[in-house]
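Single-structure report; data block below.
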Amino acid sequence: MTGISIHYCSVCGHETQKKVPEGDHRPRDVCDHCQTVHYQNPRVVTGCLPVYQNKILMCKRAIEPRKGYWTLPGGFMELGETMEEGAARETMEEACAHVTIESLYMLFNVVHVGHVSAFFLAKLENPDFAPGEESEEVALFAEDEIPWDQLAFSTIGRTLRHYFEDRQAGLFPMRLEYVTPPEHRD
Ligand code: ZN
């Protein structure tokens, strides 16, 4: 994962050059006109596992990638918010649902797409929810109702499997895991 090439400087509009800036160690898109170095860094995906009376709130995606498949609410973090605020905001946007974020639960390194994905445990405050613009459908699932063969991303299945195992023990330790290319679908 090296990022896309940025051909034109977003500051002054001149063409950029691919080169290793002085004191750096990898090629960047550099503007020789205004000296801006266009760094590209991983993006943070923040989401949650909303629980209401032993059931999990999930969203059926109305957009690509993985349109028509089920996911947990989540998305890219915005500037000016914490990861917890981002997870709650995404839940409001995708499921019109109000959650209280509890603890950090899963952290995934998804190096090949340049993402870090985090899922928090969350409490769904009341059973008021509805599909937001990015969802076809929103529903609560008990463990035996989870649509395992229709999950949008491997991170969703892994997070849910850990949750149901941990729930039996009553302990929810934070886990750091890795997603490798063949497993990740998007
Ligand atoms: Zn420039």
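Here are the numbers for the structure shown:
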item	result
For ARG43, residues with placed amide H under 5 Å, excluding near neighbours	HIS115, VAL116
Per-selection Rg to Rh, the chain - Cα, Kirkwood hydrodynamic radius	1.06
Per the chain, cysteines lacking a partner by the 4.7 Å Cβ criterion	CYS48, CYS59, CYS96
Alpha carbon Rg of the range 1-88, scaled by the compact-globule rule 2.2 N^0.38 Å	1.60
Degrees, to the nearest 10: 83-95 long Cα axis against longest axis of the chain	60
Cubic angstrom per residue, convex hull over Cα atoms of the range 139-178	83
Where chymotrypsin sites (Phe, Trp or Tyr not before Pro) fall in DSSP loop in the range 1-110, at most 16 other Cβ within 10 Å	TYR39
Accessible area expressed per residue, the range 1-157, with surrounding protein chains retained (probe 1.4 Å, Å²)	54
DSSP-defined antiparallel bridges as percent of all bridges, the chain, nearest 5	65
Sum of -39500 (n - 2.57) over DSSP H runs of 4+, divided by residues of the chain (222 nm, nearest 500)	-5000 deg cm²/dmol
Peptides ranked, highest mean first, by Cβ atoms within 10 Å: ranges 41-49, 60-68	41-49, 60-68
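The values are calculated or read from the model by the stated rules, or taken from the named source; none is laboratory data. Note that the coordinates shown come from a computational prediction; the quantities given were computed from them, not determined experimentally. All Cβ positions, glycine included, derive from the backbone under ideal geometry; neighbour counts span all protein chains shown. Keep in mind that these areas ignore ligands, DNA and RNA; they rest on the heavy atoms of the full protein, side chains included. Shrake-Rupley method; radii C 1.70, N 1.55, O 1.52, S 1.80 Å.
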